[in-house]
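Reviewing the structure listed below.
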Amino acid sequence: MPVPAAQHDVRAIAYVLSEYPVVSQTFVRDEIAALRAAGRRVEVVSVDRTGEDRIPASWSGPYTTLDDVSWPRAVLDALWWVARPRAVARLVRTLRLTGGARARRVLKGVPSAARRLAGLDVDVCHAHFGWTGMVVASYVGALLGRPVTVTLHAADIYLAGPELARRLGAVDHVVTVCEYNVRRLAAMGVDPARVTVVPCGVDVTVPVPPVPDPTRVVSVGRLVPKKGMDVLLEAFREVVDAVPGARLEIVGEGPEEQRLRALTDELGIGGHVTFAGALGHDETLARVDGAAVFALACRVLANGDSDAVPVAIREALVRERGVVTTDVAGIPENVDDETGWVVPSEDPAAVAKALVEALGDPALRARKGAAARRRQVEHYSLEASAERLGRLWSRLVAAGARR
């Protein structure tokens, strides 16, 4: 007879992350905060230092780093695990599945992290991204005999080779952020039954701010090719002719900045475009609040890299901003004709047409914005995402995964 799920309520989770804290990964920080707010204990282990150590604890919450482990401590903890042959056998099997990935670099800290987490009675180990954090989580979970899960996002799928499917054999279940990714993983040989979609949630309690400037467009993202900022600038050349006083603010930094600035001058729209640089999360959202329209012209690069579902889009949707974006990866699962404007990628004319309509029809923009917020509130809250993860982990623990 199945054991009732209530008897397997997961109360303690170890988040094993390649790097933490990372300011650009607010979705990880917010997910952890939502789990803690729901009464779950979350222990965060960062494999590497991020170079962002000056981030206040009030932003990141508590965490430890593998680099903090001294060699004497590492040796003592390794010997402690050697006396537990079943745990060592599980670790050896996991090393074979991962091909020993990162083993030489990280195994110094793994026994110590696992021993500390064992004392905290952790129920499950979770990672974000299919990089080092996932591999280390699989090693820690093997020693603990606890289920291991990972959330895969975008480049960690789209740029991965065949080794990803093999390494995923070392985790008990895969989480990803959109249905598009489920199909991509299936094409790589990952059984869809092992994959659950849990979107990155957003704060749906924020009030809807009034639109202070009906001619302002904002775009948020790193200045890298897959964000399509050049397409947006080319589109905006047409917008300034059609919408008097139209202005575009680009929030973000990256290697494309100088090229994009040069393109702005070449297009003759320098007086209509502002590059704000990288801003803190709260200030970035304030810039979104100050605009009528949010635009992001994502594209798929020749090597297959793209965004999956930028969280910035969801943050604009919940604020009832007009959202103009492209039909890349999982974006159409979140933005459609009811909630915004979705156009083909690499099509400046289509982007321009959508922007002109969004700026020029406040009533239509308001209807789409209200529908977008309703959908975000119903399906994409931080609390809903945390609850989905909790149910998944409870099922894995109930099934006896890894024990």
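Every number in this text was worked out from the coordinates using simple rules, so none of it is lab data. Keep in mind that this is a model prediction, so the values were computed, not measured. Here the Cβ positions follow ideal geometry from the backbone for every residue, glycine too, while neighbour counts run over all protein chains shown.
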Residue match in the range 127-145 (condition: in a strand (DSSP E or B), touching a residue at least 24 places away in the same chain (Cβ under 8 Å) and under 19 Å from LEU392 (Cα atoms)): yes
Helices (runs of 4 or more DSSP H) within the range 149-202 that include 3 or more residues over 24 Å from PRO225 (Cα atoms): 163-168, 179-187
Output for the range 232-259, where each listed residue is in a helix (DSSP H, G or I) and surrounded by 21 or more Cβ atoms within 10 Å (Cβ to Cβ): LEU232, LEU233, ALA235, PHE236, VAL239
Options ASP327, ASP305, ASP289, ASP265: the member that is in contact with a helix residue (DSSP H, G or I) (Cβ under 8 Å, 6 or more places away or on another chain) and of a type in the set (D, E, K, R): ASP305
Out of THR215, THR149, sole residue that is of a type in the set (Ser, Thr, Tyr) and under 19 Å from the mean Cα position of the chain (by Cα): THR149
Selection from the range 69-123 of residues that are farther than 25 Å from ARG49 by Cβ and outside any helix (DSSP H, G or I): ALA83, ARG84, GLY99, ASP121, ASP123
The range 295-344 - residue that is outside any helix (DSSP H, G or I) and basic (Lys, Arg) and, of those, surrounded by the fewest Cβ atoms within 10 Å (Cβ to Cβ): ARG299
